[in-house]
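A quick write-up on the structure given underneath.
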């Protein structure tokens, strides 16, 4: 049987410029932080991020200017941790398109 | 006075919960979480659902962090019920109460959680988004908005963007640190003023004219309610929002 298992660095490199990426977890909980940090270091561009309540992991990709479109119902951290700075900077500068759903 | 805005808001939210209700709160919701635990502690038999996916989590287990996505909201629960299922339940009209918050609100119950200043594609300040409020508000029997800091930046004549809107044919209340509003004939009217505030202070922190003059005071929390708030929230997580 062919194994589908691979190391995370190899898996991260499957993500190519312009692809749409669903990022799981909610806000600061259960987000693929290590995966997204590794991906941010690859300097991919024009990625599209999708999540119900993306937080830290997708924000790292926004801060790295890897994302140019984000689909979300809520994008932020919680309470004392406030709003997501990478997402805000990207959308406020016009570099990231916000597609807010409900 | 042995209570403050946190206790009166928790109590006001809890008193809206009736026996057999199905009640939902989302993320970043320490005040609603405490209110729902208080209602449980008071013996009201309702179903507690939340964004973390637990149904009727053990309300006697105190929260230790402000996040309402933590294990505290599913440990000891009777079922695992995901957010997708909660939205399906709401869309079939079976959720009695949703507790939601906002950044701006107009007297017509228009809610802004999206942006202020500039344009949608290049806003001055991008906000986190409505977090399902546009879906939940029209289909939930009663929407309870809580806002821990009422001021003229948040209670505005016109919102910068309408993320969600109250259904004038459903129950809609707004509970703040100063007072309680209720939707009547499509407009928010004052229902009561908290005992430590007054009409002048409420008007100074509301961006539209309040024409009412004779208003009751919000019923203060009872000794039993205050004791139970401390019991369900001994770490005073509810203060994180103030």
- Hydrodynamic radius (Kirkwood) for the protein assembly as shown, which is based on Cα pairs only, to one decimal in Å: 21.0 Å
- Starting from the Cα gyration tensor of region B:132-237, take the square roots of the eigenvalues, sort them a ≥ b ≥ c, and report rounded, prolate or oblate (rounded when a/c is under 1.5, otherwise prolate if a/b is larger than b/c, else oblate). oblate
- Item | Among beta bridges that DSSP assigns inside the protein assembly as shown, antiparallel share in %, nearest 5 | 40 percent
- Message: I'd like the distance separating the alpha-carbon centroids of region B:173-204 and region A:1-59, in whole Å.
- Response: 45 Å
- Task: Assign one of three labels to region B:5-234, namely rounded, prolate or oblate, based on the Cα gyration tensor with a ≥ b ≥ c the square roots of its eigenvalues; rounded applies when a/c is under 1.5, prolate when it is not and a/b is larger than b/c, and oblate otherwise.
- Result: oblate
- When the helices in chain A are scored as -39500 (n - 2.57) per DSSP H run of 4 or longer and the sum is shared across all residues, what 222 nm value do you end up with, to the nearest 500 deg cm²/dmol? -7500 deg cm²/dmol
- Kindly identify region A:8-100 as rounded, prolate or oblate by the Cα gyration tensor criterion: order the square roots of the eigenvalues as a ≥ b ≥ c, call it rounded if a/c is under 1.5, otherwise compare a/b with b/c, prolate if a/b is larger, else oblate. oblate
- Note on the structure: Counted neighbours (other Cβ, 10 Å), sorted fewest up, put A:46, B:25, A:29, B:194 in the order A:46, A:29, B:194, B:25
- Among beta bridges assigned by DSSP with both residues in region A:8-100, the antiparallel ones amount in percent, to the nearest 5, to 15 percent
- Item | Per-residue mean of C-beta atoms belonging to partner chains within 10 Å, peptide A:75-84 | 6
- Query: Fewest first, what order do B:15, B:94 take by the number of other Cβ atoms within 10 Å?
  - Reply: B:94, B:15
- Most exposed first by the Cβ proxy, i.e. fewest other Cβ within 10 Å, how do B:33, A:1 rank? A:1, B:33
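Only the coordinates and a few stated rules stand behind these numbers; no lab work does. What you see is a predicted model, and the numbers here were worked out from it, not measured in a lab. We place every Cβ from the backbone using ideal geometry, glycine too, and count neighbours over all the protein chains shown.
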